[in-house]
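Below is one structure, written out as structure tokens; the observations come after it.
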Amino acid sequence: MQPDQPTVPAAGSALDASSVVEPHLDVLLLDPNVRVRAWQDLRLVVKIYSGSSPSGIGIDSLTLYLPGSMGIRVPKHAGDTDNAAEHSGDIDKTIETPAELREPGARIELPPVELEGISARELGFSKILGLLTYRAGRERIVAVLKYKKLDDAVQRSDTTSLDLDVSGHPLGMYTGAIVGTFLIGLFQAIMRRPRGSLWSSAKAIGRDFSLRFIRGLIATGIAILVLQTTSDIQFPITVTVQDFYGGVILGLFGDQIAQVIQRRISRRRQAA
């Protein structure tokens, strides 16, 4: 998203309501190519434009509202006593800004706004579970600028938003893979139980399940790492692993993934 450049009318030209650019702001990612994840650090850039007001503007406040579901916050400073687990809904951050922008068409870019992922030790069980099972989707950060024109005491405001495509935390992907691998391993072990006494069948199911679970867990762990990079490995399932639920689906195909990885290793050994 590129910021709109303020238009300044030529000297002596008539101004009509449609040509006046009001003061406004933009909120952007510092690195537009970064992959945004829940529960991880994020850096934003805020730009403020004075618009075409001849007198310039005086800035009263600039506030960011962060979606609580993303598990991010403004870094805590020494002496802060609030607990991240107590936050609910949106979290606001008032940013220090210069008092005035006196020139028409002026623009200022504030220092990067640093947001941090909330540490696990500060979260209660329900919050940790919510972040681990976070569903990848669209989140919105809202910024509100309150200002006055220097020749007018009326307080005005401008609101803008930054829409982000947010993926789940990697821990959520691995947690999903564990759940999927556990379910499919238990299902297959029970379906293939041997005939015999209850005790012997239980032991056979336990051995079969353990082997399938460990093999599937290692295979899906490798697959998640590979899928985060560019690779030419063709897995038996086409899935975008962005959150807990993608990890579950991948875990359900743990046996097939293990076979693909084994074949790939065997071919490389033969080629060597």
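The values are calculated or read from the model by the stated rules, or taken from the named source; none is laboratory data. As the structure is a prediction and not an experimental result, all values here were calculated from the model. Cβ sites come from the backbone with ideal geometry, for glycine too, and all protein chains shown count toward neighbours.
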Task: Subset of region 188-226 that is part of a helix (DSSP H, G or I) and among the basic types (Lys, Arg) - its residue that is farthest from GLY172 (Cα to Cα) - done: LYS203
Task: Flag for ASP151 being over 28 Å from ILE118 (Cα atoms) and either surrounded by fewer than 17 Cβ atoms within 10 Å (Cβ to Cβ) or in the same structural domain as ILE59 (by TED's automatic domain parsing) (or both) - done: yes
- [ ] Considering only region 47-57, state which residues are touching a residue at least 60 places away in the same chain (Cβ under 8 Å) and buried (at least 17 other Cβ atoms within 10 Å of the Cβ).
- [x] ILE48, SER53, GLY56, ILE57
Task: Subset of region 152-205 (residues that are among the polar types (S, T, N, Q) and over 32 Å from the mean Cα position of the chain (by Cα)) - done: GLN155, GLN188, SER197, SER200, SER201
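How many residues are under 17 Å from SER61 (Cα atoms) and at pLDDT below 90 when one looks only at region 119-147?
So the count comes out to 0.
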Open item on the list: Suppose we filter VAL179, VAL166 for residues that are modelled with pLDDT of 90 or more and either under 30 Å from LEU62 (Cβ atoms) or in contact with a Ser or Thr (Cβ under 8 Å, 6 or more places away or on another chain) (or both); which single one remains?
Closed with: VAL166
Task: Tally of residues being touching a Leu at 6+ places or on another chain (Cβ under 9 Å) and loosely packed, with under 14 Cβ neighbours inside 10 Å across region 154-186 - done: 2
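Considering only region 113-124, I want to know if a residue exists there that is under 20 Å from LEU25 (Cα atoms), in contact with a Gly (Cβ under 8 Å, 6 or more places away or on another chain) and part of a loop (DSSP other than H, G, I, E, B).
Kept after step one, since they are under 20 Å from LEU25 (Cα atoms), are these residues of region 113-124: 113-115.
Remaining after also requiring in contact with a Gly (Cβ under 8 Å, 6 or more places away or on another chain): none.
There is no residue in region 113-124 that is under 20 Å from LEU25 (Cα atoms), in contact with a Gly (Cβ under 8 Å, 6 or more places away or on another chain) and part of a loop (DSSP other than H, G, I, E, B).
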Open item on the list: Could you go through region 33-46 and let me know if any residue there is surrounded by fewer than 16 Cβ atoms within 10 Å (Cβ to Cβ), at pLDDT 85 or above, closer than 20 Å to VAL144 by Cα and not hydroxyl-bearing (Ser, Thr, Tyr).
Closed with: yes
- [ ] Within region 1-32, track down each residue that is under 22 Å from VAL142 (Cβ atoms), surrounded by 12 or more Cβ atoms within 10 Å (Cβ to Cβ) and modelled with pLDDT under 50.
- [x] PRO3, PRO6
